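Visitor: Input: one structure, supplied below.
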């Protein structure tokens, strides 16, 4: 019996490695496509009447193409929860169709300039890739359904870690929603192994594609922008400002969630008119944002995060917040597919800029440039922690932007109050509230209400 268990363990380990390789290749291709789209959107164009017409026309045609792909693929619930349910019930999900649909439609959403990130698609693509590999080998096993359904969460967590090149973020994502007594060390080790190996392979692929970019493999394994930057510890005045950030982010997150959920109740339905309205609003808001504000405010918000700086004009900052909020409402509540993490973090960055800019306006020498850089990172991650109600994931993401020894104390000082507030209050994150709205309105179907024919090969 022990020999059989050992063979089963070796078989599972080999299949796990194969799944990691497949997921890494798929996500690297997806991230590469997203990179080229960001570069394309960042290109300078001569603003003429023809340019304005082309922007609106291209966004409209891309939106029609995305809806057409979703209609042809007949998949209207792109979630790992639905895939897990199908596997447990004995159905065969259309893996290739699902992966292709998410891959293409997510890139189309980015090309449209919508405020949607690539982390949720990466999570889904990785989970589906894991499910595909394990389904191929275990579909005829007696306990195959349980094995396959168990690895979907592992694949999703690996995809999240790959999206940020942060194994710790992937591990924290795998623990979301789990009680302490239900956490198993073997699953934690498997998740950490999967994330580390995936990030390592991702770095090798990056080094192979950009051979002249760096000579250090480790720079490609974890290549944050602060690699060659110098930071010092947060000053005393910086910590005084930091004490106000959790409360500010909680208030802003509450308003942010309220606006998104309220707008979603108005326009999101599983009806033709909802798709048409989503398309028209996307064309109008995304087109105007790109025309007047360019790549800085268009798209997922990665430009805001990468070029974070304190703008001297407070009016400009508040205008940017309003524009991004309008684009976010149209993107999140429309019928388009993409992630919410990067857009939420970018909104937190703008809120931090407005807050710190106000302090600088009253006293220009109160905090240093080093403090500003640290406080902006803390602001955007704390805001994400409030909106998502995932403080541990937010804490792990903090290390993707600043060195550990610099950010650990400010991060804990900001995230701990948020975690305690979420723990001992009825505060719910954006995803959970959106799921409730969609389930009530018949947009997203989980459990017994899933449209089975839309997911399986008949």
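The values are calculated or read from the model by the stated rules, or taken from the named source; none is laboratory data. Computed from a prediction, not measured in an experiment: that's the story for all the values here. Note: ideal-geometry Cβ built from the backbone for every residue, glycine included; neighbour counts use all protein chains shown.
Visitor: Exactly one of these conditions fails for residue 280: (1) surrounded by 21 or more Cβ atoms within 10 Å (Cβ to Cβ); (2) more than 24 Å from the chain's Cα centre (by Cα). Give me its number.
Guide: So residue 280 meets the others, but not (1).
Visitor: Could we say that residue 86 is surrounded by fewer than 24 Cβ atoms within 10 Å (Cβ to Cβ), in contact with a strand residue (DSSP E or B) (Cβ under 7 Å, 6 or more places away or on another chain) and more than 30 Å from residue 324 (Cα to Cα) here?
Guide: Working: surrounded by fewer than 24 Cβ atoms within 10 Å (Cβ to Cβ): yes; in contact with a strand residue (DSSP E or B) (Cβ under 7 Å, 6 or more places away or on another chain): yes; more than 30 Å from residue 324 (Cα to Cα): yes.
Yes; evaluated as a whole, the condition is true for this residue.
Visitor: Yes or no: region 310-324 includes at least one residue that is outside any loop (DSSP other than H, G, I, E, B), at pLDDT below 80, more than 30 Å from residue 272 (Cβ to Cβ) and not assigned by TED's automatic domain parsing to the domain that holds residue 122. Spell out how you get there, then give the answer.
Guide: The initial filter retains those residues of region 310-324 that are outside any loop (DSSP other than H, G, I, E, B), namely 314-324.
Narrowing the set further to residues that are at pLDDT below 80 leaves none.
For region 310-324, residues outside any loop (DSSP other than H, G, I, E, B), at pLDDT below 80, more than 30 Å from residue 272 (Cβ to Cβ) and not assigned by TED's automatic domain parsing to the domain that holds residue 122: absent.
Visitor: Kindly check whether there is at least one residue in region 135-143 that is in a helix (DSSP H, G or I), touching a residue at least 60 places away in the same chain (Cβ under 8 Å) and buried (at least 22 other Cβ atoms within 10 Å of the Cβ).
Guide: Among the residues of region 135-143, not one is in a helix (DSSP H, G or I), touching a residue at least 60 places away in the same chain (Cβ under 8 Å) and buried (at least 22 other Cβ atoms within 10 Å of the Cβ), which makes the answer no.
Visitor: If you take the residues in region 402-427 that are in a loop (DSSP other than H, G, I, E, B) and surrounded by 14 or more Cβ atoms within 10 Å (Cβ to Cβ), which one is nearest to the chain's Cα centre (by Cα)? Quick ask: steps written out before the conclusion?
Guide: Here is the first cut: in region 402-427, the ones in a loop (DSSP other than H, G, I, E, B) are 402-403, 424-427.
Checking the rest, the ones that are also surrounded by 14 or more Cβ atoms within 10 Å (Cβ to Cβ) come to 402-403, 427.
Numbers: 402: 19, 403: 21, 427: 21 Å.
Among those that are in a loop (DSSP other than H, G, I, E, B) and surrounded by 14 or more Cβ atoms within 10 Å (Cβ to Cβ), it is 402.
Visitor: Tell me the residue from 95, 60 that is in contact with a helix residue (DSSP H, G or I) (Cβ under 6 Å, 6 or more places away or on another chain) and under 18 Å from residue 114 (Cα atoms), please. First the steps, then the outcome.
Guide: Numbers: 95 fails: under 18 Å from residue 114 (Cα atoms).
Exactly one residue qualifies, and that residue is 60.
Visitor: Before we move on, is residue 59 surrounded by 13 or more Cβ atoms within 10 Å (Cβ to Cβ), within 28 Å of the chain's Cα centre (by Cα), closer than 30 Å to residue 277 by Cβ and modelled with pLDDT of 80 or more?
Guide: On the way: surrounded by 13 or more Cβ atoms within 10 Å (Cβ to Cβ): yes; within 28 Å of the chain's Cα centre (by Cα): yes; closer than 30 Å to residue 277 by Cβ: yes; modelled with pLDDT of 80 or more: yes.
So residue 59 passes the test.
Visitor: Being without any contact (Cβ under 8 Å) to a residue 60 or more places away in the chain and under 30 Å from residue 368 (Cβ atoms) narrows it down to one residue among 285, 317, 305, 342; which is it? Walk me through how you get there before you give the answer.
Guide: Working: 285 fails: under 30 Å from residue 368 (Cβ atoms); 305 fails: without any contact (Cβ under 8 Å) to a residue 60 or more places away in the chain; 342 fails: without any contact (Cβ under 8 Å) to a residue 60 or more places away in the chain.
Result: 317 is the single residue among 285, 317, 305, 342 that is without any contact (Cβ under 8 Å) to a residue 60 or more places away in the chain and under 30 Å from residue 368 (Cβ atoms).
Visitor: Here's another thing I want to ask about it. Residue 50 is checked against (1) surrounded by 11 or more Cβ atoms within 10 Å (Cβ to Cβ); (2) free of Cβ contacts under 8 Å to residues at least 24 places away in the same chain; (3) part of a helix (DSSP H, G or I) and fails just one. What number does that condition carry?
Guide: So the condition that residue 50 fails would be (1).
Visitor: Confirm whether residue 300 is under 23 Å from the mean Cα position of the chain (by Cα), more than 25 Å from residue 421 (Cβ to Cβ) and assigned to a loop (DSSP other than H, G, I, E, B). Steps first, please.
Guide: Values: under 23 Å from the mean Cα position of the chain (by Cα): yes; more than 25 Å from residue 421 (Cβ to Cβ): yes; assigned to a loop (DSSP other than H, G, I, E, B): yes.
Yes; evaluated as a whole, the condition is true for this residue.
Visitor: Something else now. Only residues that are modelled with pLDDT under 55 and assigned to a helix (DSSP H, G or I): list them for region 182-227, please.
Guide: Correct list: 217, 218, 219, 220, 221.
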